[in-house]
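Participant: I'd like to ask some things about the structure below.
The values are calculated or read from the model by the stated rules, or taken from the named source; none is laboratory data. All of these numbers come straight from a predicted model, not from anything done at the bench. We place every Cβ from the backbone using ideal geometry, glycine too, and count neighbours over all the protein chains shown. Quick note on the areas: whole protein, heavy atoms, side chains included, nothing else; ligands and nucleic acids left out. Shrake-Rupley method; radii C 1.70, N 1.55, O 1.52, S 1.80 Å.
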Amino acid sequence: SKLRGVVTGWVQRTFQSTQAATASQNTCAADDKATSPVPKDCLVCSYNEWDPLEEVIVGRAENACVPPFSVEVKANTYEKYWGFYQKFGGQSFPKDHLKKAIAEIEEMCNILKGEGVIVKRPDPIDWSVKYKTPDFESTGMYAAMPRDILLVVGNEIIEAPMAWRARFFEYRAYRRLIKDYFNSGAKWTTAPKPTMADELYDQSYPIHSVEDRHKLAAQGKFVTTEFEPCFDAADFIRAGRDIFVQRSQVTNYMGIEWMRRHLAPDYRVHIISFKDPNPMHIDATFNIIGPGLVLSNPDRPCHQIELFKKAGWTVIQPPVPLIPDDHPLWMSSKWLSMNVLMLDEKRVMVDANETSIQKMFEKLGISTIKVNIRHANSLGGGFHCWTCDIRRRGTLQSYLD
């Protein structure tokens, strides 16, 4: 009787185990069928900066806060504003200025919609809340610049491991949108989240002036170390199978190598460099606006420009920006004038005040859609920075071969 009970129990357990295995195999088989091809209704697809734009994320200026004046912020801002950061770090940007920036971006969204583009917005968040990790404490900044945190490559959205402590939790504003895109069939990748421990930064980075930056950048010295991967998505610019990136104050070689391995073999990641005293984000220095057509900042010449000329590219130097010297640019340079958004090869969104670059585009046969975002510029970005294109109507091609 005891032996019969043991055998009966063994048979039952074996039968149950076999049932579970069969069910698991069936589930796997069903999953394979469901997930192998990219669904036809996938909302995410963008290979370059100029194919016809169909859907875009536009950032929010609401609740934007001045980042605390830490070593990485100091290394990326101009000395004339250091007092501003020391006084207002962790607090709101000036309320009146912020109100005008919010209104400008709302108008920009309306104009994009009028041009037939679907516009999505991140969630509003209170960026003044203090937070603490085992390695640092900070307050937040904003969700104004989706180009900094999100990189779309084909049908994949990559969340960047940004280098500023004030931006550690910025991804939270975009999670609702990214989950929707994932549910539509997109790939969703989060690069290794940096600890942002003290070792990621040169705590004694010897910077006192712009001249110091020239010398340090020329020597390949940056405030970020190679302690762990970090990069801002805005240090990458896409041209089909070829993606160009710069080593900057916020993007290190480990971050670039992570991207190179992650995107291989379908995409080639090329490091290019510039004569730039403060390398941070490539799109106001080297902005690709069409197949074989690039705006190259005359104040920050590209050291590898012959690579593009030999490939038959047309290299255009945009005119000197017209923005007044007294206009506050707390987080950027005047060259946001070339930080434009291409709606397609023949339409560009450009600053309504920058008449010189408007004429340049018109000579190229490109129609200008004029929008005023001067107050929004003060927060650190132009049209390219304030947006992340989610879907452009086009296919993957090579433009460098």
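Participant: Pairs, please: C-beta under 6 Å, at least 6 apart or cross-chain, first residue farther than 15 Å from ILE57 by Cβ and at pLDDT 95 or above and in the range 154-179, second part of a loop (DSSP other than H, G, I, E, B) and charged (D, E, K, R)?
Facilitator: Pairs found: PRO161/LYS193; MET162/ASP232.
Participant: I'm checking my understanding of the structure. Among residues of the range 241-284 that are over 22 Å from LEU53 (Cα atoms) and among the hydroxyl-bearing types (Ser, Thr, Tyr), which one is surrounded by the most Cβ atoms within 10 Å (Cβ to Cβ)?
Facilitator: THR251
Participant: Since GLY154 meets every condition but one in (1) within 16 Å of CYS65 (Cα to Cα); (2) surrounded by fewer than 23 Cβ atoms within 10 Å (Cβ to Cβ); (3) touching a Cys at 6+ places or on another chain (Cβ under 7 Å), which condition does it not meet?
Facilitator: The number of the failed condition is (1).
Quick grid of which residues meet (1) assigned to a helix (DSSP H, G or I); (2) over 23 Å from GLU54 (Cβ atoms); (3) open to solvent by less than 10 Å² (accessible area, probe 1.4 Å); (4) out of contact with any Lys or Arg (no Cβ under 8 Å at 6 or more places or on another chain):
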| position | (1), (2), (3), (4) |
| --- | --- |
| ASP326 | no, yes, no, yes |
| SER332 | no, yes, no, yes |
| LEU343 | no, no, yes, yes |
| VAL350 | no, no, yes, no |
| ILE357 | yes, yes, yes, yes |
| PHE361 | yes, no, yes, yes |
| GLY365 | no, no, no, no |
| GLY380 | no, yes, no, yes |
| CYS388 | no, no, yes, no |
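Participant: Residues that are open to solvent by less than 30 Å² (accessible area, probe 1.4 Å), of a type in the set (A, V, I, L, M, F, W, C), farther than 15 Å from LEU379 by Cβ and at pLDDT below 95: does the range 51-62 have at least one?
Facilitator: Looking through the range 51-62, none of the residues is open to solvent by less than 30 Å² (accessible area, probe 1.4 Å), of a type in the set (A, V, I, L, M, F, W, C), farther than 15 Å from LEU379 by Cβ and at pLDDT below 95.
Participant: From the residues in the range 216-250 that are assigned to a loop (DSSP other than H, G, I, E, B), of a type outside the set (Gly, Ala, Ser) and closer than 22 Å to LEU307 by Cα, which one is farthest from the chain's Cα centre (by Cα)?
Facilitator: Filtering the range 216-250 for residues that are assigned to a loop (DSSP other than H, G, I, E, B), of a type outside the set (Gly, Ala, Ser) and closer than 22 Å to LEU307 by Cα, the one farthest from the chain's Cα centre (by Cα) comes out as ARG241.
Participant: Here's something else I'd like to know. Taking the condition of being surrounded by fewer than 19 Cβ atoms within 10 Å (Cβ to Cβ) and in a loop (DSSP other than H, G, I, E, B), how many residues in the range 367-378 meet it?
Facilitator: Of the residues in that region, 1 qualify.
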